[in-house]
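Participant: Pasting a structure below so you can have a look.
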Amino acid sequence: MKRSGNTILITGGGSGIGEALAHRFHDAGNKVIIAGRRLEALENASAGRDDIHAMQLDVESAEGVEDFARGVLAEHPDLNVVIHNAGIMRFEVLDTRRDLADAEATITTNLLGPIRLTNALIDHLVAAQNAAVVTVTSGLAFVPLVATPTYSATKAAIHSYTVALRDALNGKVEVIELAPPGVQTELTPGQENRPGYMPLGEFIDEVMALFAQEPTPSEILVERVQGLRFAEREGRFDAALEMINEFARKAREGQ
């Protein structure tokens, strides 16, 4: 992926990993569009940066995604990079009957959102110079967290979708997967200060160093996530499953 001179759309760009990526890519000489539901958060994230532009996007609405795509291309016809970062993570129980609203919202945001937006922009991206699509998955795509089963499942699905997209767009659009470990963000309550999670600044430093490699890796994997990414291949899946779930439980309980 080209380092500078891009016009980059980042969904979920008003906070956390999305905001940090927006600032770093902007600092590297790119125009950045940040999109999300909360306009106030987007405006705060873009404050003082002339070439970061805020646009509202509700990924839960199929019609809203189509309208957004038309609007962003009208305002920024030079768009050539899309980073699918928007996502939600909800805790769920599986051993009793429950309301599936959280599961359904997670699937709509984390899985249908990137699929819909990619579809709405694909003809433009195929025709663009130096085009790239970046999907943000998770280490939990490879070893699930039992307390967030639908989140883990959607990230596994986006990993699979990314593999297919990369093959389908070979020679037309570069397709990159960014799989974070647990990072100190506001993704879940208390996570921004939770011990044992990777500090956001350290994570972004390592991510940007990987993006700067030539050629850009097809998977952006900081060192801390590699134990999950390669657990199954290395015959450590059961041990990794037990480890990550025990770690997460203790972290949530403050142990």
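Rule-based calculations on the coordinates, nothing more; no lab input. These numbers were taken from a predicted model, which means no experiment stands behind them. Cβ sites come from the backbone with ideal geometry, for glycine too, and all protein chains shown count toward neighbours.
Participant: Assign unit charges at the C-beta atoms only (+1 for Lys and Arg, -1 for Asp and Glu), then state the dipole size of the chain relative to its Cα centre in Debye, rounded to the nearest 20.
Facilitator: It works out to roughly 280 debye.
Participant: Taking the DSSP beta bridges in the chain as the whole, what percent of them are antiparallel, to the nearest 5?
Facilitator: Working: 0 of 25 bridges.
In the chain, approximately 0 percent of DSSP beta bridges are antiparallel ones.
Participant: Calculate the radius of gyration of the Cα atoms of the chain to one decimal place, then report Dmax, the largest Cα-Cα distance, as a whole number, both in Å.
Facilitator: For the chain, the Cα radius of gyration and maximum Cα-Cα distance read 17.6, 52 Å.
Participant: In deg cm²/dmol and to the nearest 500, what is the mean residue ellipticity at 222 nm of the chain if only DSSP H runs of at least 4 residues count, each as -39500 (n - 2.57), divided by the residue total?
Facilitator: Working: 9 runs with 109 residues, N = 255.
About -13500 deg cm²/dmol.
Participant: List the residues, sorted by chain then number, that are 5 or more residues from residue 83 or on another chain and whose placed amide H is less than 5 Å from its amide H.
Facilitator: Under 5 Å from the amide H of residue 83: 9, 10, 11, 134.
Participant: Fully extended, how many nm does the chain gain between residue 73 and residue 39 (0.36 nm per residue separation, minus their Cα-Cα distance)?
Facilitator: Working: separation 34, 0.36 × 34 = 12.24 nm, distance 1.91 nm.
Taking residue 73 through residue 39 to full extension adds about 10.3 nm, to one decimal.
Participant: Before anything else, pin down the relative contact order of the stretch 7-253: Cα pairs under 8 Å, at least 6 apart, normalised by residue count, whole percent. The partial results should precede the final answer.
Facilitator: Values: 409 pairs, mean separation 41.5, N = 247.
With pairs under 8 Å counted, the relative contact order is 17 percent.
Participant: Which aspartates and glutamates, on any chain, are close to residue 172 with Cα under 17 Å apart, when same-chain ones fewer than 8 places away are left out?
Facilitator: 78, 123
Participant: Straight distance only, please: which aspartates and glutamates reach the Cα of residue 155 with their own Cα at less than 13 Å, same-chain residues fewer than 8 apart left out?
Facilitator: 177
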